[in-house]
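The values are calculated or read from the model by the stated rules, or taken from the named source; none is laboratory data. No experiment lies behind these values; they were computed from the predicted model shown. Glycine gets a Cβ as well: all are built from the backbone with ideal geometry, and neighbour counts include every protein chain shown.
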Amino acid sequence: MKKKIVIFLCAVLIIIAIAGACICINKAKEAEIEKTKEEKKQVIAVATIIIEDESIIKDTSKNYTADNQMINTYQELINSAAIKNKIKEKYPKVGDIELKKIKDSDIVKVIFICEEYNEDECIEIENMFLKEFSKRISELYNVKIYIIDEPAITWRYI
């Protein structure tokens with residue numbers, strides 16, 4: 001009888017050891033997944049603007065608001081050498097700005113990827129882009145930029 005109890009207890013201990021090993025392996029896999037997510041996490045500065053065409057009231061044939069064709073034009077303008085060179089005077093390593101139109105509206109998300117700078121610097125860089133972009137777009141088109149949400153830091157997974 002004692003022999004059966006010892007065998008039973010050994011079997012229980014082996015099962016507990018196997019279960020413990022499985023739990024450890026599972027936790028290690030979860031940690032690896034989290035680490036991978038963190039590696040793919042991108043810090044971005046995001047602002048929200050409205051692009052309003054002031055000539056619509058005068059001439060409805062020219063509409064320079066945030067339609068899809070104009071968003072591409074605006075994206076080229078905001079990433080132009082003229083604007084970037086102004087920013088590079090203070091921040092030499094500057095990437096591109098993304099413009100994402102909110103469906104069926106003149107609302108546009110302005111996204112700057114923060115790779116080289118801290119969060120405060122990223123916000124300042126995006127503000128500099130917005131200031132220069134607003135100035136240049138009003139010179140080229142009869143358009144005004146209204147900032148709805150000031151640049152703020154957030155994250156996205158890529």
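The table below lists the values:
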{"quantity": "Matching residues in segment 95-109 - criterion: being among the small types (Gly, Ala, Ser) and closer than 18 Å to Ile125 by Cα", "calculated": "Gly95"}
{"quantity": "Number of the exception - Ser61 against (1) at pLDDT 90 or above; (2) surrounded by fewer than 18 Cβ atoms within 10 Å (Cβ to Cβ)", "calculated": "(1)"}
{"quantity": "Residues of segment 128-158 that turn out to be of a type outside the set (Lys, Arg) and either touching a His at 6+ places or on another chain (Cβ under 9 Å) or over 12 Å from Ile49 (Cβ atoms) (or both), as a count", "calculated": "13"}
{"quantity": "Selection from segment 107-135 of residues that are touching a Ser or Thr at 6+ places or on another chain (Cβ under 9 Å) and surrounded by fewer than 17 Cβ atoms within 10 Å (Cβ to Cβ)", "calculated": "Lys109"}
{"quantity": "Which numbered condition Pro92 misses (of (1) surrounded by fewer than 17 Cβ atoms within 10 Å (Cβ to Cβ); (2) touching a residue at least 12 places away in the same chain (Cβ under 8 Å))", "calculated": "(2)"}
